[in-house]
Every structure is written in C-alpha cells, then in structure tokens.
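Asker: Sharing a structure here in structure tokens format.
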Amino acid sequence: MDSVTLDVLDLRLLHALQLDGRAPFSKIADVLGVSDRTVARRFGRLRSTGIARVAGVPDSRRTGHAEWLVRLRGLPSATAPLARALARRPDTAWVTVLSSGTEIICIFRVAEEGAAPLDGLGRLPQITEVDAQRLLRPVMDHRWLGRTSALTAEQIAALRPPPAADASPVRLTELDRRLLPALAADGRAAYPDLAQQVGWSESAVRRRLEELRRTGVLQLDVEVAPRSFGFCAQCLVWLTVTPAQLSSVAQALAADPEAAFVGTTTGTHNLIAIAICLDANALHAYLTDRISCLNGVDRMETAMIISYTKRTAPSL
C-alpha cells in the first residue's frame with residue numbers, strides 16, 4: 001500500500017478532499033475538469049486499497065477534551081500487539097510505532113480535561129518506561145504541504161468551504177457522541193447510512209453534521225501515507241526551546257514544507273514536531289541545517305516513525 005505512487009489526478013483529488021472532505025464528487029469533478037464517474041472511481045480505488053480515506057476529527061479545544069501524548073518504551077516483540085490494542089480504544093486519537101519497534105507514541109483524548117488513562121499500561125511486563133505529557137496547543141493552521149500543493153489558487157478558492165463561524169466551547173449532545181465515531185470511521189458516509197448507524201432521523205443527522213462543520217467542531221482530514229507521495233523519511237522531533245523563543249521557533253517550523261505537525265507540550269521538551277522528508281539525507285539536512293540553527297533551540301531528540309497503527313479513524 002505504501003509503495004503506490006499517486007498520479008496527478010490522484011494528487012488533485014486528495015487535495016480537493018483535504019479542503020472539503022464531504023464535497024460532492026460532481027463539484028470536485030467540475031473544478032478538476034473531469035467526469036463525476038472518474039472522480040468517484042478514483043476515490044473508490046484509493047479507499048478500497050487502503051491508500052486514503054476521509055476521517056472526521058473533532059476539535060478537542062472546542063469539545064473540552066484534553067490531549068495527552070503518551071510515550072511507551074518496551075520490548076519489540078510486544079510492540080505490534082500493544083499498538084493494535086491501543087488503536088482499538090475509543091479514547092486514542094493517534095498511535096504510531098517508532099525506533100524499529102522499541103517505542104510507541106499515542107495520543108489519548110480525555111473528556112473534561114481529565115488525566116491520561118495510564119492504569120494498567122505501566123504494569124505490563126513488556127513496557128519498560130511510560131511518559132505522559134499534555135499536548136497544549138497545535139501551532140500549524142494548515143496540513144502538510146506535500147499533500148496540499150496540487151491545486152491552483154483558483155481551484156482552492158472554488159472548493160474551500162467558508163471559515164468556521166464560532167470558536168466558543170460546545171457541550172456535546174447524545175447525537176454528537178454517536179455521530180462523531182461514525183464520522184471518524186468514514187467522513188464521507190452518506191446521511192442515510194449515518195442515520196441508521198446512530199439511530200436518529202436523517203434530517204436530524206444532516207442538520208447536526210452541518211452545524212458541527214459550520215462551527216468548526218468537526219474537521220475532515222484525509223488519511224494517506226506520505227510514502228504514497230514519494231516521501232520515505234518520517235521523524236518525530238522533540239525540542240527544548242528557550243521560553244522567550246518558543247513562539248518564534250514554533251511559527252518558523254510551522255511554515256516549513258517539511259513540517260506535518262507542530263505543537264507545544266508540557267515536560268522537559270516544550271515543542272514537538274513531525275518532519276516528513278524525501279529520504280534520510282534530506283532529513284539529516286533538515287535537522288542539522290534548519291532546526292538546529294534556529295535561535296532558541298537548546299536540545300533536540302528524534303525518533304524515526306516506522307508505521308502508523310491509527311491516525312484518527314479506527315483501524316479497518
């Protein structure tokens with residue numbers, strides 16, 4: 001799956017879906033200058049082969065959830081089954097394997113600003129070290145440029161939905177608690193299918209989904225492996241930055257084309273980033289010639305990302 005190379009139309013389709021994950025295929029086709037059937041067939045192939053899918057992502061800052069970045073070190077033989085078990089949990093938002101299977105990083109999303117649910121993890125004999133730090137705030141306001149550079153400015157303007165109209169916290173309803181997991185599994189699920197899954201009327205589901213999107217509570221993300229774009233080196237980077245320089249360093253990294261995520265955290269390292277590069281040589285150059293030269297960076301720790309067990313959606 002990761003070795004598939006996407007063609008120009010695939011790249012444009014994925015960029016279009018990143019702008020609006022529920023845009024009708026007819027609208028995307030009109031902007032791209034191809035037929036509806038072609039767009040539907042392309043997306044069907046990408047999804048059925050596991051290359052890409054659209055997932056609904058709730059904004060934790062709007063829903064009152066805390067996000068905890070939990071780092072587990074242990075025996076490589078235990079990594080794969082533990083990562084799969086973590087991915088099946090409804091409170092994990094991201095699970096990835098690092099350092100040739102010696103580490104797992106996951107994000108727990110905890111309601112009502114609660115603590116990380118670490119009960120049991122530290123008692124597993126296969127786990128030798130557990131560290132949990134609060135993910136304070138994402139810094140980037142855009143997706144990785146490697147997958148959002150296929151469309152022209154005019155095409156982007158035609159597909160981009162209006163900006164979120166509200167930024168205040170919301171209280172999730174019972175419908176929301178049923179609807180959001182269904183959208184995490186398939187952000188493009190049809191309204192009748194969603195209504196059947198959540199046990200609500202189609203009209204109620206339609207109204208609530210549109211409201212969640214309009215207010216920015218729900219965002220739609222395209223899950224696709226960077227290797228499909230030809231980028232083979234993915235690295236998690238922890239930085240210890242002088243407090244007075246934290247904002248400037250974070251903003252500088254967020255503007256880099258190599259950055260897929262930048263966020264502030266608690267702990268010894270106060271900034272975390274995901275870097276995506278073409279290969280190991282390009283990653284070396286980015287770490288040594290770019291990040292290490294930023295004013296305020298005191299210390300850097302890195303770990304190669306080996307695989308993703310869960311990005312947002314439950315594993316298929």
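The values are calculated or read from the model by the stated rules, or taken from the named source; none is laboratory data. These numbers come from a predicted model, not from an experiment. When we count neighbours, we look across all protein chains shown, and the Cβ atoms used for this are built from the backbone with ideal geometry, even at glycine. Remember, those area values only see protein heavy atoms, side chains included, never the ligands or the DNA or RNA. Shrake-Rupley method; radii C 1.70, N 1.55, O 1.52, S 1.80 Å.
Asker: For Asp7 paired with Thr266, estimate the spin-label separation in nm (one decimal), with each label point 7 Å from Cα along the Cα-to-Cβ line.
Answerer: 5.1
Asker: According to the square roots a ≥ b ≥ c of the eigenvalues of the Cα gyration tensor, what is the shape class of the range 189-316, taking rounded for a/c under 1.5, prolate for a/b larger than b/c otherwise, and oblate for the remainder?
Answerer: prolate
Asker: Work out, step by step, the length gained on full extension between Arg123 and Ala85: first 0.36 nm times the residue separation, then minus their alpha carbon distance; give nm to one decimal. Intermediate results must be reported in sequence, preceding the final value.
Answerer: Details: separation 38, 0.36 × 38 = 13.68 nm, distance 1.53 nm.
Gain in length upon complete extension: 12.2 nm.
Asker: Next question. Take the Cβ-Cβ distance between Glu112 and Leu136 as r, set R0 to 22 Å, and report the resulting FRET efficiency rounded to the nearest 0.05.
Answerer: So the FRET efficiency works out to roughly 0.85.
Asker: Which value, in Å², gives the accessible area per residue of the chain when a 1.4 Å probe is used on the protein heavy atoms?
Answerer: Result: 48 Å² per residue.
Asker: Of the heavy-atom accessible surface of the chain (probe 1.4 angstrom), what whole percent is carbon and sulfur? Working shown, then result.
Answerer: Numbers: 7930 of 15120 Å².
The value for the chain is 52 percent carbon and sulfur by accessible area.
Asker: Given the Cα-Cα distance of Thr302 and Asp36 and 0.36 nm per residue of separation, how much length would full extension add, in nm?
Answerer: Working: separation 266, 0.36 × 266 = 95.76 nm, distance 4.38 nm.
Additional length available on full extension: 91.4 nm.
Asker: Show the residues, 5+ positions off or on another chain, whose built amide H is closer than 5 Å to the amide H of Thr309.
Answerer: Val95, Thr96, Val97
Asker: Let me ask something else. What ³J(HN,Hα) values, in whole Hz, does the Karplus curve 6.51 cos²θ - 1.76 cosθ + 1.60 give for the range 187-202 when θ = phi - 60°, with x put for Gly and Pro?
Answerer: These are the phi-based 3J(HN,Hα) values: x, 9, 4, 5, 4, x, 5, 5, 4, 5, 5, 8, x, 10, 6, 4 Hz.
Asker: Give the peptides 243-249, 6-12, 145-151 in descending order of average Cβ contacts within 10 Å, highest first.
Answerer: Highest to lowest by the protection proxy: 145-151, 6-12, 243-249.
Asker: From the residues Ala16, Leu151, Gly114, which one has its Cα farthest along the dipole of the chain in the positive direction, the dipole being from +1 and -1 charges on Cβ of Lys/Arg and Asp/Glu about the Cα centre?
Answerer: In the chain, that residue is Ala16.
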